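The values are calculated or read from the model by the stated rules, or taken from the named source; none is laboratory data. All of these numbers come straight from a predicted model, not from anything done at the bench. Cβ atoms come from the backbone with ideal geometry, glycine included; neighbour counts cover every protein chain shown. Surface accessibility is based on the protein's heavy atoms, side chains included, excluding ligands, DNA and RNA. Shrake-Rupley method; radii C 1.70, N 1.55, O 1.52, S 1.80 Å.
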Amino acid sequence: MPITQTLTPHTKELSPGFNVLRLLPSAQTQGVGPFLFFDHFGPVEVEPGANHDVRPHPHIGLATVTYLFEGAMMHRDSLGEVQRIEPGAVNLMTAGRGIVHSERMPDDLKARTYRSHGLQLWMALPAAHEETAPSFSHTPAREIPQDRVGSTKIRVLMGTAFGLTSPVPLLTPTVYVDVQMLAHETLTVPRMAQEQAIYLLCGELTVDGAAVALNTMAVLDASGDNVVRASSDAHFVLIGGDAIDGHRHMAWNFVATRRELISKAAGDWDADRFDKVPCETERIPLPDSLRASVA
């Protein structure tokens with residue numbers, strides 16, 4: 001069976017008027033390879049005066065991966081990193097034992113209409129690295145390897161696929177590929193990892209004859225090759241990697257192998273003990289539900 005699970009999204013509001021489609025975590029599965037969290041936002045027209053800013057908030061035990069198709073975003077974190085994220089770049093922030101960051105609209109876009117479209121994923125860190133020092137890596141679009149397989153455009157964002165290897169640093173075997181296909185083209189997706197899945201951004205396609213619905217994630221049988229065929233021009237991402245080394249607890253923005261790590265992080269954030277993001281004065285408060293659970 002080529003598709004072992006089909007994951008459908010639910011809508012989550014990140015800030016007033018800023019909604020995302022969330023595919024992971026899912027009731028059917030915690031993740032695919034190291035990926036425990038998958039948000040798709042846009043495409044949306046952002047009007048002057050809109051507020052899509054995400055105020056400073058903390059993370060532990062994970063790495064965030066931000067990838068834009070349209071628009072731009074300003075990343076700031078408690079390491080002092082300030083980075084404008086633009087389409088095609090890969091922004092990787094490793095939280096480890098704790099980091100704080102904000103994601104805001106760039107000043108030059110606030111007074112005009114622009115389109116925003118992208119993905120943000122979280123990766124579980126290997127248990128041996130979940131309390132490592134936080135770090136940051138930004139790989140600009142020009143450094144992301146790309147090629148064509150026939151008429152199909154391939155960009156390897158993370159890992160090794162289709163003969164290309166991304167320079168984005170990894171702690172565990174991971175695959176993340178951006179694929180654009182023309183109508184009636186086929187692409188053989190080889191086994192590249194223990195777990196693999198396709199998320200369809202636009203268009204129509206099948207995997208070994210089984211249809212993949214728009215904005216759904218098809219978890220693949222990764223025991224062998226899968227043949228993808230585009231019925232119309234199609235755009236999708238392929239994600240995967242080695243299975244994570246044990247169950248992860250997830251609460252708000254925290255991921256950990258042990259609940260006590262989440263309790264400590266929640267208490268530290270509530271008591272304002274995390275490092276600050278320079279030049280930021282706002283913060284997202286700890287949710288009441290999490291405060292009650294760790295009180």
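Before we move on, is Lys153 surrounded by fewer than 20 Cβ atoms within 10 Å (Cβ to Cβ), within 21 Å of the chain's Cα centre (by Cα) and not aliphatic (A, V, I, L, M)? Taking the combined requirement at face value, the residue satisfies it. Only one of the listed residues (Val277, Val237) is crowded, with 16+ Cβ neighbours inside 10 Å and in a strand (DSSP E or B). That residue is Val237.
Taking region 179-225 as the region of interest, the strands (runs of 3 or more DSSP E) fully inside it that hold 2 or more residues being of a type in the set (Ser, Thr, Tyr) and either in contact with a strand residue (DSSP E or B) (Cβ under 7 Å, 6 or more places away or on another chain) or open to solvent by 60 Å² or more (accessible area, probe 1.4 Å) (or both) are 186-189. Here His52 meets the list (1) of a type outside the set (Gly, Ala, Ser); (2) crowded, with 18+ Cβ neighbours inside 10 Å; (3) under 20 Å from Thr174 (Cα atoms); (4) at pLDDT below 95 almost entirely, failing just condition (3).
Does Arg155 satisfy being charged (D, E, K, R) and farther than 23 Å from Gly31 by Cβ? Against the criterion (charged (D, E, K, R) and farther than 23 Å from Gly31 by Cβ), Arg155 does not qualify.
Which one is least open to solvent (accessible area, probe 1.4 Å) among residues in region 90-132 that are assigned to a helix (DSSP H, G or I), in contact (Cβ under 8 Å) with a residue 24 or more places away in the chain and within 22 Å of Asn253 (Cβ to Cβ)? Looking at the filtered set, the residue picked out is Ala127.
Restricting the search to strands (runs of 3 or more DSSP E) fully inside region 5-49 and requiring at least 1 residues that are in contact (Cβ under 8 Å) with a residue 24 or more places away in the chain and open to solvent by less than 10 Å² (accessible area, probe 1.4 Å) gives 18-24, 35-46. Based on this model, can you work out whether Phe69 counts as assigned to a strand (DSSP E or B), aromatic (Phe, Trp, Tyr) and under 19 Å from Pro43 (Cα atoms)? When the stated conditions are applied, Phe69 passes them. The set of residues from region 240-273 being of a type in the set (D, E, K, R) and assigned to a helix (DSSP H, G or I) comprises Arg259, Glu260, Lys264, Asp268, Asp270.
What do you reckon, is Val255 in contact with a Leu (Cβ under 8 Å, 6 or more places away or on another chain) and on the phi < 0 side of the Ramachandran plot?
yes
Residue count for region 67-88 satisfying the condition of being under 15 Å from the mean Cα position of the chain (by Cα) and either over 21 Å from Val179 (Cα atoms) or crowded, with 21+ Cβ neighbours inside 10 Å (or both): 5. Examine region 243-258 for a residue that is under 26 Å from Ala127 (Cα atoms), surrounded by fewer than 18 Cβ atoms within 10 Å (Cβ to Cβ), touching a strand residue (DSSP E or B) at 6+ places or on another chain (Cβ under 8 Å) and at pLDDT 95 or above, and state whether such a residue exists. Looking through region 243-258, at least one residue is under 26 Å from Ala127 (Cα atoms), surrounded by fewer than 18 Cβ atoms within 10 Å (Cβ to Cβ), touching a strand residue (DSSP E or B) at 6+ places or on another chain (Cβ under 8 Å) and at pLDDT 95 or above.
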